[in-house]
Structures are given as C-alpha cells and as structure tokens.
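Please treat every number below as a calculation from the coordinates, not as lab data. All values reported here derive from a predicted model rather than from experimental measurement. Using ideal geometry, Cβ is built from the backbone for each residue, glycine included, and neighbour counts are taken over all protein chains shown.
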Amino acid sequence: MNPWNSPTEAGANRRIFEEEIADFLPERVFDIHVHLAPPHGFAPGAPFSCGGVPISSYTYEELANDLAVAFPGRHTEALCFGFPLPALDRQIHNTYVGAQADFRRFFPLRLLDPQRDDAATLQRDLDQYGFLGLKPYPDYARPHDVAHAEIPEMLPDWAMAVAHERGLLVMLHIPRPGRLEDPLNRRQLQELCTRWPGARVILAHVGRSYYLRGVTGFLGPLRDLPNLYFDVAMVQHAEVIAHLFREIPTSRLLFGTDLPIALAQGKAVEINHQYTYVTPRPWSLSICDDRGRLRFTSFLNEELRAIRQAAIAAGFTREQIAAFFYDNARALVDDVARRVAPHRLPTP
Ligand SMILES: [Zn+2]
C-alpha cells in the first residue's frame, strides 16, 4: 500500500478536504494530466521515486482507487499517458495506456519520442489504439542536453502534421530553464499553435509557472491563440492561478493534477523568484524537512486550496468552476474521441 492510502495519511488528507475543499469542488472532476505505468513499467530503474515514495507501477486500477480516496464522493475521469523518461520502454507504456483505456472514464495519449518514432509508427498506433493525442517531453528531444531542448525538436513537423490533420491533443511540458520567461519558448509556442491550427495544445503546469514572476505578463500574448489550453497540474501558488484565471478565457482552462506525484506529501513554494518543493521524505527535486518541523498534506490538497483561493480572487461563478473542473475537458476529449477513436468508444 502506498503511504497516501495508509489510515494516518489518508485520514489527515480527508480532514483537510472536508474542512477546506468539499464545499467548493463540483460533483464531477476531469483530471487532464495523469501518468500511468504498467506493472514492471519502471524496470530496469525500479522503483520510481514519486515525490519520495518508491513506486513500482501506477496502473488504471491504482488510479481508480486513488481517485476515490483523493476526491471523496466525486465522479472522476482522466486523460492518461505513460512516464516520458527515455530510460524506460515507452512502447510498453504506450501499449498499456492505449489498450487498457476504457474510453468511458479514462482516455489515452501516446508518448512521442522524436528520435525513435516516425510518422508511420505513429499513424499505426493512432489507428490501432485510438490515442487522443501526443505527450512529447524535453528529455526525448535532446537526451544529452535536456536543458536546451527546443519545442520544434520535441514536436518535429512530421508529428505536428499528423496532429494537425487528425485534430489531436498535444500535452506540452515547456522546455528550457526560463520556461515562459524564455523569449525563444514564447515565440516557438506561438508558431506551433499558429502553424498547426488543427492541433489542440495544452500548456502543462501553466508553462511550469510555479512562481509568480514566471507567468506575469506572459499570458496576454497567448490569449488569442484559440487552440492553446492551460492545465494547472502541480501548481500550488494561488496568485499564479488567479493570474491565469484573469488573463485566459475560462473555456481554455483545464484542471489537472500530475497524479501519482500529486498524492505525495509536500508543497511547491516560491522563494526569491524561484521555486522548490518542501517534502517530509527525501526527494531529488525537494528540500527535505528532515527535522520533522511540519505536518504536511498532499501536493494535491495544496493545489486544490490554491485553486479555491484563486477562484474567489477572480470572482468565478459556479458555472465557471464547473467548466474548469470538468465541462471544458470532457467537451474537448469527446470532440477528439468522436473523430479519432470511434472504434474504441463504448456503445451507448
Ligand atoms: Zn506530468
């Protein structure tokens, strides 16, 4: 059992959910950003450190179980993809995520490795499994110089031509240390959306804006790109989310978590125009509270707290909150699935 399902941790998370989140969260939640790994999916490097918690898989069954614990009493659905790490076997991840998706509650994206995939294999997988889109990653694009990977390297023309023609989703984790502060990233993001208007690009983690300077002033020029959507996965900074809520039309805002990582305990914190994670368990991306000074909750509860605060600050209505948490994502997924995966859709 993962610690977030232990009576102590789950109980403490549940109390916070009931006290601070339950009256705000709508009945239906669509999580647009979930990673899955089949049994043995992390071999040979297993286990994988999920926010300091070693895990050896993250299956649809584990996801369904965790969603019920993390969102008590809510109807939940999700868009799922493998772990985009070059050391892992991406075909095992893609086959599992694609073949096991039920297209009723859980929908799949395909990991895209531009070094090892080509248009023919991509088209074949899309036809066979009905993937709704692509999940590229900087680590695939320039494995020996990840920090300098550029968007067109992550998404070469042959892949974007397929995404454009089929009207696919593209879940984009923006590269480079400067994120949205990097003018090359901003220019290439605009070019990507403009040049391939049939593709629907989701800017994951609001462009990895976990601190306010990373986003302020950069969303305005992106507002008028009709095929650019934004997910808030792992963003736990209320001012960042409020800025997003004010700058971008609600119809292009999507709720996401980055499960399973968001189930681990800790918080993303801004310090001096940077961010880090603070966690109770040692993790390569965090500062660890090894003296046990704090009692933590999940990254997910911290994200939900921040969303609530931001929705209040932005003056969101109940309708806008429901659109953000569910309606926008479901409409987007239904629209793509109807066209690209009719053979996978459950018969009504
Ligand atoms: Zn992710």
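Miscellaneous remarks
- With θ taken as phi - 60° and the Karplus curve 6.51 cos²θ - 1.76 cosθ + 1.60 applied, the whole-hertz 3J(HN,Hα) list for segment 118-133 is 9, 4, 5, 5, 4, 4, 4, 5, 4, 5, 5, 9, x, 3, 7, x Hz, x standing for glycine and proline.
- Karplus-derived 3J(HN,Hα) values for segment 43-55, using 6.51 cos²θ - 1.76 cosθ + 1.60 with θ = phi - 60°, are 5, x, x, 4, x, 8, 8, 9, x, x, 9, x, 10 Hz; glycine and proline are entered as x.
- Between 165, 181, 19, the residue with the greatest mean-square fluctuation in the GNM of the chain (Cα pairs under 10 Å linked by springs) is 19.
- Per DSSP, loop trypsin sites (Lys or Arg not before Pro) in segment 271-323 with at most 12 further Cβ within 10 Å: 291, 293, 295
- Residue exposure sequence - 6, 286 - by fewest surrounding Cβ within 10 Å: 6, 286
- Relative contact order of segment 155-229, defined on C-alpha pairs under 8 angstrom at six or more residues apart (%): 36
- Most mobile of 246, 187, 200 in a GNM of the chain (Cα contacts under 10 Å): 187
- Contact order relative to length of the chain, as percent, for alpha carbon pairs under 8 angstrom and 6 or more apart: 19
- The simple Förster model, with R0 at 45 Å and r as the Cβ-Cβ distance, assigns residue 127 and residue 291 a FRET efficiency of 0.25.
- Packing-based exposure ordering (other Cβ within 10 Å, fewest first) of 330, 339: 339, 330
- For segment 108-142, applying the loop criterion from DSSP together with a ceiling of 16 other beta carbons within 10 Å to the trypsin sites (Lys or Arg not before Pro) yields 116.
- Cα gyration tensor shape for the chain, rounded if a/c is under 1.5, else prolate or oblate: rounded
- Relative contact order %, segment 78-117, counting alpha carbon pairs below 8 Å whose residues are six or more apart: 48
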